[in-house]
Each structure stands twice: as structure tokens, then as C-alpha cells.
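Asker: Below are the C-alpha cells for one structure; questions will follow.
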Amino acid sequence: MTKENHMNPRIAKEIKVLRPAFLLTLAAAAMPLVIGPNRHELPEIWMGIIFAMGCLIMGAEAFGNEFQQKTLSLLLTQPLPRTFIWKEKMQVLGAALAIGTGALAGAVMLFDRQVVSAEDFSWMAWVLVPVCILCTTPYWTLFLRNTLLGALLTFIAPVLLLGINSYLHYRWLENGKFIFGSWFVVNGFLYQKWIHDPAAEESSVITLLILYCAVCCWLGYRRFRSLQVVDAQGTAAFRELGLPARVETLLLRPFKTIAAGFTSSLASLVKKELRLQQITFVGAALFCLMAVAGAVLFHLTVDESLGRGWAMGILVADYYLYLPILPLIAGTVAVAEEKAWGVADWHLTLPPSARRQWTAKVAVALITSLILGLILPAVLLLAGTALFGGERDSNLLLPRFHAIRSAVNAVLGGNASAIAPMSVALAFLFCVVLAQMLLTSVAIYAASIASSTARALVLALGMMIAAGCLLEFCAAEHPYLALQIAQFLRQTVPSQMVNVGLLNVSIFIPLGLIHCLAYRCYRSRELTRNLLRFQVPLMVLVLCFLTMVFATLVAFVRIADERGATPGRYRVVGQHAL
Amino acid sequence: MTVSTVTMLIQLNFKSGKPAYLQVVDQFKSAAASGALRPGEPLPSIRPLAEQLRLNRNTVAKAYAELESQGIIETVAGKGCFVTENNSPFKKAVRQKMLSDDIDAAIVQAHHLQVNEKDFLELVTQRLGFFRQKSESNANNHNQKDKP
Amino acid sequence: MKTENPVIEISHLVRKFGRSDAVNDLSLRVDAGRCYGFFGRNGAGKTTTIKCLLNLLQPTSGTVRVFGLEPRGNEVEVKSRLAYVPDQVAFYPWMTVRETLDYLASFRQRWNRTTEKELLGQFRLDAGKKATALSKGQKTQLALIGAVCAEPDLLILDEPTSGLDPIVRREFIQTVIGAYQDAGAGQRTVFVSTHLITEFEGLIDEFTIIDNGKEALTLEADDARSRFRKIRARFAGTPPAIDFVAARNIKRDGRELEITVNGDAEMVLNRIKSMGPESLSMEGLTLEEIFVATLQ
């Protein structure tokens, strides 16, 4: 093995492993390019979240990939010192993270300066995320021997730490006990910040994170050096997203006794699919816990206090992360896990027809996703606002149903003060249901192409970014097209019901198409060039179509906003446009 | 007669070019002729024998059918297969014709192996003596087992 | 003994992958009650053919019929009458042995609990153990139990015994002969694709050898064993040139000559004898040796 090779094959392999997640990171970094100077809060939050997720998956894949592909024994029996292997992996990971962060920084600086010049912008935060991932993700992945759980814990552990830190700070500010204070005092001294300045928390956060990163880095290094390859055949099959076996059996015992009565062929299929979806249920349970914690905190604290801010933060983060991600998880686990275990092919040789098996799978995934991903949050929200909310200002939380109906009415161009009829409101809500199913379906499609759960998630997220960028691009850059479509619809199809019906149909069509494509991919089980050649243009068309639909919707909303602001103006504007 | 005893007697040789069922038939016949299988002894049924020899059941069934048609064994309804008394239902001439086919095969083989006639006849006498001895010692063993 | 309705009928099957042909014009026919062997080198197209039988792959051209029906259009009818043991056996990680068997039973009309109990005892499988915690041999045994207890009319085995220890291999074949063929060997058909031919030698009635996607040889096992002969001769000097049609493989090594013959062994033997060898012998071939001789 000469060192003069063009590229060290090991490094090449590491790069190849990290490539999909790296591309995702670059895509997120490229978003400011597409969005441009029009600053909207939502895409930026998304940019940050997806960038972080891309970095997380990269960090987890660097080591987790060896567990997944069962190549760990091969790697560790090579005549290379483990420290050397560790160094190589970390180098590639570090380079990838650095390039990604650099790209993001560059894009932001060049195209979206407003972000940088905002008040609450902190360079430290942006830099600390990749550094944290670089140092801690390898350790968690090695500790849990699992890609996605490692990524999850990388995210959760600092949040917990920071939460504790913040709580301690809050308590110290409140009663100034020295035992809490010493930590902050030391930090204040280090950073020359006045010790009673609330911003002392910020400096302590930085120190805390740096310490945490250092400790995890060292722990990870030690772990890799002494890693033992537990027999892959012997222990339970590698499950990308799953609970430890004992916890699983404990939690599922009551369900097993209920379900034991159903033994027909269809019931077996459904039971198996539900079991596959167990991680979705776990996610929903976590969500409920967080939501309840946030609501309780909200209730216990007074307005404008730090606690209230925390409560709002928890609730908002909870909902914003949960709503889009749960459908993706539900969709990917339905298909990708079986592929990873090698059970997918064999299962198709059992008596139930392939169509029936696929239908059961998709139905369970969609319904689970719907119930857990839409109905559950909505119910919690309604219950929460009923119990704790009252009439307080809640511009981030959805208003109650009555308010929904008036909003729908406004969007669809009715009288500003009236509310939309029940049927229209329900039809609009059905639209939302379809949109959620669309998300799940995109994940199912991604999983039927990809070879592992992690890759399926990356692909699904990538598709969502593409869609989001296109949406922003059209709605923001070329609002006139959308506006014209919206106005055209208003003029020619005055009935609200038909408008909403059209919206429903226009979401239903791509939904159906994606399912057909997913079924094709599932049945052929190998991604031939023909298949891709046929499907990629079709997906692009679907994407464009969807973008038009959403752009029109956004246009509707804009018009409604304008109308809301100055009720009489629209008619004048509309007449001129005619 | 257990399955394992029978399989000790039967050794399949897939290199011999002879169909498997015929090998079973022939080896049964030689066992019966040498006295290792006594008349009236029960034979294992088809399934366990096929499992032990790892032969297709059809093959074993065919072998049993052939043995029955040659009168070596007989099936008693409800009880199984038993070795018959050494009375072949065929006429003497037919039996001798069947034997002469085998003798012809031996002669051809001798020719291939370049064994001359004198040595061949000597060998025949030797083999007859061997079988006689074996039969006598088997009879002795059975007598000894019968003694209390 | 050709019956009217063959259990498997493949005619001129072609299956391409991209531009290469995995299977190219393969035809074979399996009658009911037969044990049919499907032999070939690694990558010859055996698994592809089996996948076409199971409707996991669609043929590029040619027809495949199982029980007289096309697997594509009559998926459920075909699949409910057959059972498949794959080469890479995999199960759901949360299912125990018991649960896996119950799961498989839920899809079948008939399920023989007695046989299941018998076989579990015979293989000494712990019903409460996780299916993925079993060793490779035990997993294959579990897959076989799952196939045999369903009492299918056709059992398709794809390289079932590769990677297993000799005892497990023997038990596997004994189970196929014993438990599977129990209902009357005339109704139970076995289609086994393997490259461990010695193990299945006694079981096979008829076989096809596939080479590079094409059929190389189809014969009844007994026929094959009676036709193929290996003739060894030693000469005083260099062996003469052999130019017979029936002689398949000719090997020379110093003074030794070895010829594999398909068919007219007597004639070849006499011809060689006429060349005056020092010593001459002839022996039959096992199926595995026939396989090697055909493909070399």
C-alpha cells in the first residue's frame, strides 16, 4: 500500500460513508442562496434544524456505519493500530463538518446578512454545534452501538446538561446561594462578565459545553481503543431504531395478551406492522411527556418570567420538531427495517399476495402516523389550552376551532367577519390530513429506495428541503404567478367548497403517484437504472406540481392577510388587476 | 430387526453405476442368502429406512416392491414386511436364468481385470466356501443367543 | 412416467439484469412427487430462476408455470401450495421460535401441530428463545419446520445446507425425507437448488445442471449414474491421442490416461484396450463428479 496513491482507500471509504448526510448538510447550507434576502423566520429555523440533523447523522454514521454493515470485525483485525483508525475517521469527520459549517457561514454571510446582524445572533452557538457533534457523537454511537440512537443521545445529552445549568442559574439568581453561584462566579471571572449579569449564563454554557466535549472525546477514544466486537449473529438482530430488548418485552406484555385473540392472516400482518412501528409510539410518548412538562411549567410560572419563557420554548420546540419528523419516522421504519434484516424478500414468498402485504404495511403506517402525528398533538393542544391557556396571547399556538373557521373563511376569500361553513372548514382540515399523509408517503417512498433507515431519513429530509426551497423560491420570488392563479380561482370558482375540494384533489394526486412509485420500488427490490430514469423526472414533476399548489395556498393566505389589514383595499386592487 | 442393523448391512455406493434401488435389492438378497437375515424376520418400514439411508422414499419403496416380486420378502397386512422362507416362487429354470445373468457379468468383469479362467474358477470355489463359513457361524451365534 | 400436470414447468426462460443475462433460455419440467435437483456453479442463475418461480422476479421472456398457473397472475393460489426455505434465513428480531411459527401458521390453511412438536423436539429447539439468537444451523432448522408443517405440495429449497455442520445437514435431509414426504410421496414435490450435491445424492430423482444461465444437462439420476463412466489406463509409453465423440474429459499425466465417458462406455473401453495398455479400470461416477465433468 503505497502512500503515493491518489487517495488512501480507507479515507475514500470514509468519505463515501459520510457522503449522503454531507450532501444534506450542504443542501441546508445552500438554502439562503435560494431563499435570498427575503427573510422569513420559518425557513431559517428549518435551515438550522436540517443542518444540525445532517451534521448529527454524519457524526453518527462515521462509527455507526461499522455496526450497521457488520464490518467492525473486518476493520479491527487489520494490521493497523486502533489509534490510527480513530484518527483517520475523526479527520474525515472533522473535515466534513468544517466544510459544511464553512459553507453555511459563507452562504449566510453572502446572502442573508440580516441573520448575522440580528441581536440574538451568537457565533459561538453556530460553531459549538459542529464541534459538539465532532467530539460527542462518536462516543455515544460507540456506547450504544447504534447509529440513530447515538445521534439521538448526542442531541438529548447537551440539552439536558444545558437545562440543568439553566435551572441552576435561575435558582442562583433567585436566592443567590453560594453553592450554585461558585460555578457561575468562576465563569464570570474567566469571561470578565459581571457576575450578576444574566448573561453570565451564556459564558457558563460555553465552558460547560467545552468541558462536555472534551470529556466525551476522551471517553470515545478510550472506548474505541478497547471496543469488543460482540457476536453479531448471537445477539438480537441489529435494530436501527429500537428499545433495549428487556424494556420492549416489559412494555408490550399487556398488548400481547389483548392481541393474542386475533389470529387470522390479516391480523397477523397488522400485528407485525404495529410492532415495526413501535419506535413511532415511543416517539409519541416522549412528545406527550415533553408537552405535559411544558404545560405544567407554563401553568406554574408567571407571565414574562424565565420559567414561562422556558415553558414556551419547550412547547414550541416540541411541536415544531415532532410534527414534521414523526411522519418521516413512521414511513421509514415501515419499510427500511425489514430490508435491513433481510426479511423483506422471504416475507413476499408467504401466501398473502404482495399487494395485500404492502397495503397492510402502508395502511398501518399512514394511520399510525395520522393518529400519533396529527390527532394526538391536536388533542393535547386543545386540552392544554382549555386547561391552562384561557385567553392569553398565544400567537404561536393554533387558535380554537371557532377561530380556525374564521381563518379558513378569510383565506378562501369570504367576508372578513363571517366564518366559513362547517363543511368547508372540515374539508380544509381534511386537506391538512392529506398533507400529513403526504409527508408519511414521501418517507415510505424514500425507504423503498434506500438501503437503511438512516439513509432513508436522509433522503426524505433531502426531498423536503428541495420542496421547501422550491416553495420559498416560487412564493417569495415570484408571487405574481401564485397571486394570479389565486385570483383566477377566486373569480372563476367562487364557491369555497369547490376551492377547498380542488385543493384536496391537488394534494391527493401526488399522494397517489408517490404511492404507486413506492410500490414499484418495493416490488422490484433493486434500483435499476431504468427505474431511476423513469422515476426521477416523475418526482420532479410531482414536486413542481406540489409547489404550485402550496404557492397558491400561500398566495391565498397573503391575500387574506392584506384583506385583514385593510378590508376595502382588495376590491380596488382586484379591479385594477382585472 | 432394527433400522440400524439393516443399514449396517446395506452400503450404498454411488460410484458403482448401479441404480440405488437395485443396490438395496441386491444387498438384501445377499444378506438373506448369507443368513444374516433370517426367514420370518421383520424389516423396518419404508420411512425410517429411507431416513437412515438418506434415500428418496420412492427408491426404497421400489426396492421393497422388487424384493417382494422376487419373493425375498412378503408383506403381511397390518404387521409389516417379513423375510420369507428361502423358497423362491420362480421355477428352477427361471431362477437359474436369473443367476446366469449375474454369472455373465462376473465373467465379463474378470475379462476386463485380466483374470484367466482357471483363477476365476478357483475364486468361485473360494467365495462359496466363505459364504458357507459365514452361514455356519451366524447359525452358531443365533443358537447361542437362544440359549438361556 | 410423464404426468399431465407438471408441478413446475419452465420454458425458454430468459431473465436479464441490465445487459447481462442471468438466465438465458432455460427449460425444465418437474412432475409431481419427484425430488428435483437444480445444480450449478455460483452465479449460474439458480437463485434467479427460483425467484422467478416465486414471483419475486418477472421473467424478461419465456414462461414459468407452477401447478399449471403463472405465479404472476395467480399469486395467492400458487404461494399457498408451496413453501420456500431461502439461503439467507432471517427472522424478525423480536419474535421467539414459538411466535415465529405461530406467525407463519397464521397465513396457512393447514398447519400440522403434531409434526411441529415432533420436529421441535427432534432438533432440540427452545420455543422461548429469540429466533435471531439461534445459531445458523438452528435458524435453518426453524425455517424448515416452518415450511414442512404447512404441508405444501411443493417444497422449494435454495442452497439450504450451505454453511451448516455435517450433523445438521444430515438431519435436514432426513427431515425432508421423513416429515415432508409423509403424506404420500406421490403428492409431495421437492425442488432443491444446491451445490452440495453429495448430501442430496440419495434424494434426487432427476436433475438439471445450469451453467451461465443455460441448461447444460438434464437427466434422471439413475440414468446419469449408469451412463457416466471414468476409464483409467496406464501405458508403457506416452498415451496415444484419443479422438472419440463420447469421451468428454481427457486427462493425461505422464503415462496415465483418464477419460470420462457419457454413454457408450463399452465401445470406448474396447477401443482403449485395443491400444494395449498396461492396466485398465473403469468405475462409475457420483452425481457430484458428473457435475464437475459436465462443467469442466
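The values are calculated or read from the model by the stated rules, or taken from the named source; none is laboratory data. Bear in mind that the values here come from a model prediction, so they are computed numbers and not experimental data. A quick note on method: Cβ atoms are made from the backbone with ideal geometry, for glycine too, and the neighbour counts reach across all protein chains shown.
Condition check ((1) farther than 21 Å from C:Phe207 by Cα; (2) modelled with pLDDT under 90) across all residues:
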{"position": "C:Lys130", "(1), (2)": "yes, yes"}
{"position": "C:Gln138", "(1), (2)": "yes, no"}
{"position": "C:Gly146", "(1), (2)": "yes, no"}
{"position": "C:Asp153", "(1), (2)": "no, no"}
{"position": "C:Leu164", "(1), (2)": "yes, yes"}
{"position": "C:Thr175", "(1), (2)": "no, yes"}
{"position": "C:Thr194", "(1), (2)": "no, yes"}
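Asker: If you take the residues in segment B:134-148 that are surrounded by 10 or more Cβ atoms within 10 Å (Cβ to Cβ) and not hydroxyl-bearing (Ser, Thr, Tyr), which one is nearest to the other protein chains (Cβ to nearest Cβ)?
Answerer: Once the filter is applied, the top-ranked residue is B:Lys134.
Asker: Restrict the check to segment C:210-221 and report whether at least one residue is among the β-branched types (Val, Ile, Thr), under 26 Å from C:Phe67 (Cα atoms) and touching a Leu at 6+ places or on another chain (Cβ under 9 Å).
Answerer: Checked against the condition, which is being among the β-branched types (Val, Ile, Thr), under 26 Å from C:Phe67 (Cα atoms) and touching a Leu at 6+ places or on another chain (Cβ under 9 Å), segment C:210-221 yields at least one hit.
Asker: Quick one: count up the residues across segment C:130-153 that are outside any helix (DSSP H, G or I) and touching a Ser or Thr at 6+ places or on another chain (Cβ under 6 Å).
Answerer: Total satisfying the criteria: 2.
Asker: In this structure, does A:Gly331 turn out to be outside the structural domain of A:Gln436 (by TED's automatic domain parsing) and either surrounded by fewer than 20 Cβ atoms within 10 Å (Cβ to Cβ) or of a type in the set (Lys, Arg) (or both)?
Answerer: On the way: outside the structural domain of A:Gln436 (by TED's automatic domain parsing): yes; either surrounded by fewer than 20 Cβ atoms within 10 Å (Cβ to Cβ) or of a type in the set (Lys, Arg) (or both): no.
It is false that A:Gly331 is outside the structural domain of A:Gln436 (by TED's automatic domain parsing) and either surrounded by fewer than 20 Cβ atoms within 10 Å (Cβ to Cβ) or of a type in the set (Lys, Arg) (or both).
Asker: Also, quick follow-up: Do you know which residues across segment C:203-220 are in a strand (DSSP E or B) and either within 12 Å of chain B (Cβ to nearest Cβ) or not acidic (Asp, Glu) (or both)?
Answerer: Residues satisfying the conditions are C:Glu206, C:Phe207, C:Thr208, C:Ile209, C:Ile210, C:Lys214, C:Ala216, C:Leu217, C:Thr218, C:Leu219, C:Glu220.
Asker: Which of the residues spanning segment C:84-110 are of a type in the set (A, V, I, L, M), out of contact with any Cys (no Cβ under 9 Å at 6 or more places or on another chain) and within 8 Å of chain A (Cβ to nearest Cβ)?
Answerer: Within segment C:84-110, the subset of a type in the set (A, V, I, L, M) is C:85, C:89-90, C:95, C:97, C:101, C:104-105.
Keeping just the survivors that are out of contact with any Cys (no Cβ under 9 Å at 6 or more places or on another chain) gives C:85, C:89-90, C:95, C:97.
Of everything in segment C:84-110, those that are of a type in the set (A, V, I, L, M), out of contact with any Cys (no Cβ under 9 Å at 6 or more places or on another chain) and within 8 Å of chain A (Cβ to nearest Cβ) turn out to be C:Val89, C:Ala90.
Asker: If you don't mind, there's one more thing I want to ask. Output the residues belonging to segment A:54-70 that are at pLDDT below 80 and in contact with a helix residue (DSSP H, G or I) (Cβ under 8 Å, 6 or more places away or on another chain).
Answerer: Listed by number, the residues that qualify are A:Phe67, A:Gln68.
Asker: Something else now. Residues of segment C:54-83 being within 19 Å of C:Glu151 (Cβ to Cβ) and either at the interface with chain A (Cβ under 10 Å from one of its Cβ atoms) or among the small types (Gly, Ala, Ser) (or both), which ones?
Answerer: C:Leu54, C:Val76, C:Glu77, C:Val78, C:Lys79, C:Ser80, C:Arg81, C:Leu82, C:Ala83
Asker: All but one of (1) away from chain B (no Cβ under 11 Å); (2) assigned to a helix (DSSP H, G or I) hold for C:Asp223; state the number of the condition that does not hold.
Answerer: Only one criterion is unmet by C:Asp223, namely (1).
Asker: Right, another one. Could you go through segment C:18-34 and let me know if any residue there is within 10 Å of another protein chain (Cβ to nearest Cβ) and at pLDDT 90 or above.
Answerer: no
Asker: Name the residues in segment A:133-145 that are more than 19 Å from the chain's Cα centre (by Cα) and part of a helix (DSSP H, G or I), would you?
Answerer: Answer for segment A:133-145, where residues must be more than 19 Å from the chain's Cα centre (by Cα) and part of a helix (DSSP H, G or I): A:Leu134, A:Cys135, A:Thr136, A:Pro138, A:Tyr139, A:Trp140, A:Thr141, A:Leu142, A:Phe143, A:Leu144.
Asker: For residues that are outside any strand (DSSP E or B) and touching a residue at least 60 places away in the same chain (Cβ under 8 Å), scanning just segment C:154-171, find the one that is surrounded by the most Cβ atoms within 10 Å (Cβ to Cβ). Don't jump to the end; show me each part of the working.
Answerer: At the first step, the residues of segment C:154-171 found to be outside any strand (DSSP E or B) are C:159-171.
With the extra rule that they be touching a residue at least 60 places away in the same chain (Cβ under 8 Å), the set shrinks to C:159-160, C:162.
Working: C:Glu159: 20, C:Pro160: 26, C:Ser162: 14.
This residue is C:Pro160.
Asker: Among the residues of segment A:35-46, is there at least one that is among the β-branched types (Val, Ile, Thr), in the same structural domain as A:Arg145 (by TED's automatic domain parsing) and at pLDDT 85 or above?
Answerer: no
Asker: Something else now. Identify all residues within segment A:248-261 that are within 11 Å of chain C (Cβ to nearest Cβ) and part of a helix (DSSP H, G or I); write none if there are none.
Answerer: A:Glu248, A:Thr249, A:Leu252, A:Lys256
Asker: If C:Trp94 satisfies all but one of (1) surrounded by 21 or more Cβ atoms within 10 Å (Cβ to Cβ); (2) within 29 Å of C:Asn42 (Cβ to Cβ), what's the number of the condition it fails?
Answerer: In the conditions (1) surrounded by 21 or more Cβ atoms within 10 Å (Cβ to Cβ); (2) within 29 Å of C:Asn42 (Cβ to Cβ), C:Trp94 misses (2) alone.
Asker: Let me ask something additional. Filter segment C:47-91 down to residues that are of a type in the set (D, E, K, R) and over 19 Å from the mean Cα position of the chain (by Cα) and give me whichever is surrounded by the fewest Cβ atoms within 10 Å (Cβ to Cβ).
Answerer: C:Arg72
Asker: Next question, about the same structure. Say we look at segment B:14-36 and pick out the residues that are in contact with a strand residue (DSSP E or B) (Cβ under 8 Å, 6 or more places away or on another chain) and within 13 Å of chain C (Cβ to nearest Cβ); which of these is nearest to B:Arg54 (Cα to Cα)?
Answerer: B:Phe14
Asker: Under 7 Å between Cβ atoms, at least 6 apart or on separate chains: pull out the pairs that start in segment C:83-107 with a residue that is in contact (Cβ under 8 Å) with a residue 12 or more places away in the chain and end on any residue that is in a loop (DSSP other than H, G, I, E, B) and polar (S, T, N, Q).
Answerer: C:Tyr84/A:Thr349; C:Asp87/C:Ser162
Asker: Which residues, taken from segment A:62-92, are touching a Leu at 6+ places or on another chain (Cβ under 6 Å) and under 23 Å from A:Gly462 (Cβ atoms)?
Answerer: A:Ala62, A:Phe63
Residues are listed down the side, and each one gets a yes or a no for (1) in a loop (DSSP other than H, G, I, E, B); (2) within 12 Å of chain B (Cβ to nearest Cβ); (3) surrounded by fewer than 22 Cβ atoms within 10 Å (Cβ to Cβ):
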{"residue": "C:Gln181", "(1), (2), (3)": "no, yes, no"}
{"residue": "C:Thr198", "(1), (2), (3)": "no, yes, yes"}
{"residue": "C:Ala233", "(1), (2), (3)": "no, yes, no"}
{"residue": "C:Gly237", "(1), (2), (3)": "yes, no, yes"}
{"residue": "C:Val245", "(1), (2), (3)": "yes, no, yes"}
{"residue": "C:Arg248", "(1), (2), (3)": "no, no, yes"}
{"residue": "C:Arg252", "(1), (2), (3)": "no, no, yes"}
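Asker: Which pairs have Cβ atoms under 6 Å, sit 6 or more apart or on different chains, and link a residue in segment A:262-275 that is more than 15 Å from A:His347 (Cα to Cα) and at the interface with chain C (Cβ under 8 Å from one of its Cβ atoms) to one that is at pLDDT below 90 and surrounded by 14 or more Cβ atoms within 10 Å (Cβ to Cβ)?
Answerer: Note: pairs meeting the criteria are A:Thr263/C:Ser106.
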